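The values are calculated or read from the model by the stated rules, or taken from the named source; none is laboratory data. Worth saying up front: this structure is predicted, and the values here are computed from it rather than measured. Here the Cβ is made from the backbone with ideal geometry for all residues, glycine too, and neighbour counts use every protein chain on show. Surface areas here come from the heavy atoms of the whole protein model, side chains and all, with no ligands, DNA or RNA. Shrake-Rupley method; radii C 1.70, N 1.55, O 1.52, S 1.80 Å.
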Amino acid sequence: MTRPGKVTEVVAALIAREGRLLICQRPGHKARGLLWEFPGGKVDPGEGPKEALIRECREELDVTLEVGDLYFEVTHRYPDLLVRLRLYHARIVSGEPKNLEHADIRWALPNELGGYDFCPADTEIIARLSRGL
């Protein structure tokens, strides 16, 4: 369990293809199991956020990313965790997403995101994307 004041750094990728965004459903056995999120994960000690995002997507989806600018940043307190989530624009430069860890992965239109049960930290991001920002 994380100390109440300690922030866990988390990164995620906003990957678009033909107007759709790549979203991932968390494994059922993990915290916030079966909720949807954008691909990514925790930043390891001594690792930069973009480096972490490239590593996480390679490990979980078997793709190599080119990470661009920061799209959105949010801090959210869960009952067990305080996270700072940074969502970056990214594109796949090699590989095709494979479901190596998640319960499911999908390409969804931005206006469809509200129909998925996302992790609470993603609420502001989903609202912004749904409005086309």
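What shape does segment 62-133 have by the C-alpha gyration tensor, where a ≥ b ≥ c are the square roots of the eigenvalues, rounded means a/c under 1.5, and otherwise prolate means a/b greater than b/c and oblate the rest?
rounded
Select from segment 4-72 those GluC sites (Glu not before Pro) which occupy a DSSP coil region and have at most 16 other Cβ atoms within 10 Å, ordered by residue number.
The qualifying sites are Glu18, Glu47.
Which of the trypsin sites (Lys or Arg not before Pro) found in segment 43-98 are in a DSSP loop and have at most 16 neighbouring Cβ atoms, other than their own, within 10 Å?
Those that pass, being in a loop and sparsely packed, are Lys98.
Of all GluC sites (Glu not before Pro) in segment 80-133, which ones are in loop regions per DSSP and have a Cβ with at most 10 other Cβ atoms within 10 Å?
Answer in residue order: no site qualifies.
Which residues' amide hydrogens lie under 5 Å from the amide hydrogen of Leu21, considering only partners 5 or more residues apart or on another chain, with H built in the peptide plane?
Distant-sequence amide H within range of Leu21: Ala108, Leu109.
Please say if segment 48-103 is rounded, prolate or oblate, where rounded means a/c under 1.5 for a ≥ b ≥ c the square roots of the C-alpha gyration tensor eigenvalues, and otherwise the choice is prolate for a/b larger than b/c and oblate otherwise?
Taking the square roots of the gyration eigenvalues as a ≥ b ≥ c, segment 48-103 is oblate.
Taking all protein chains in place and a 1.4 Å probe, what share, in percent, of the accessible surface of the chain do carbon and sulfur account for?
50 percent
Might you tell me the accessible area per residue for the chain, computed with a 1.4 Å probe and given in Å²?
53 Å²
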